[in-house]
Amino acid sequence: MAARAAADRDASRVPVRRITVLYDAQCALCVFVRDWLRGQWQLVPLDAVPAGSDEARRRFPELDHASTLVEITAVDDSGQVYRGAAAWVVCLWALEKYRPLAYRLSTPSGLRLARGAVLTAARYRGAWWQPRSAMGTCDSGCAVPD
């Protein structure tokens, strides 16, 4: 799969060679999405790392790790950080089958649609999520941000 990814992604035009997706390992929806991403053909490799973990803190010491537990966060190999809808779009962009959709979602009207999808997922997640106040994060039950 890696050789195919390297050949298909036109690396001369695409400087991103790897994306790390920080996800909440205690959230069933987040784990489902992580598994779904792993099962897709990736033009740009996606590394899934539990948000707030020692590994995440080692890789990205400058990030606000509490916020990565509240909304999906992706970091490319150049250090660019994507949060919320932009993180979803960059994850889709990394996938062979969904790159055309990612281009459509990267427009202003597309980002509004992507944000709506992220908010819907966050509402679903919030409906099933128990607050993690013992860890000092997610005290609002992972509510949708304003």
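The values are calculated or read from the model by the stated rules, or taken from the named source; none is laboratory data. Note that the structure is predicted; figures quoted are calculated from it, not measured. No Cβ is skipped: glycine too gets one built from the backbone with ideal geometry, and neighbour counts run over all protein chains shown. Accessible surface areas use protein heavy atoms only, side chains included; no ligands, DNA or RNA. Shrake-Rupley method; radii C 1.70, N 1.55, O 1.52, S 1.80 Å.
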Rounded to the nearest whole number, the Stokes-Einstein translational diffusion coefficient of the stretch 49-111 at 10 °C and 1.306 mPa s (Kirkwood radius, C-alpha pairs) in µm²/s is 128
In the stretch 20-68 the accessible area split gives carbon plus sulfur, as whole percent at 1.4 Å, a share of 54
Under the 7 Å Cα-to-Cβ spin-label approximation, Q40 and Q80 lie apart by a distance in nanometres of 1.7
Ordering 85-93, 107-115 by per-residue average of other C-beta atoms within 10 angstrom, highest first, gives 85-93, 107-115
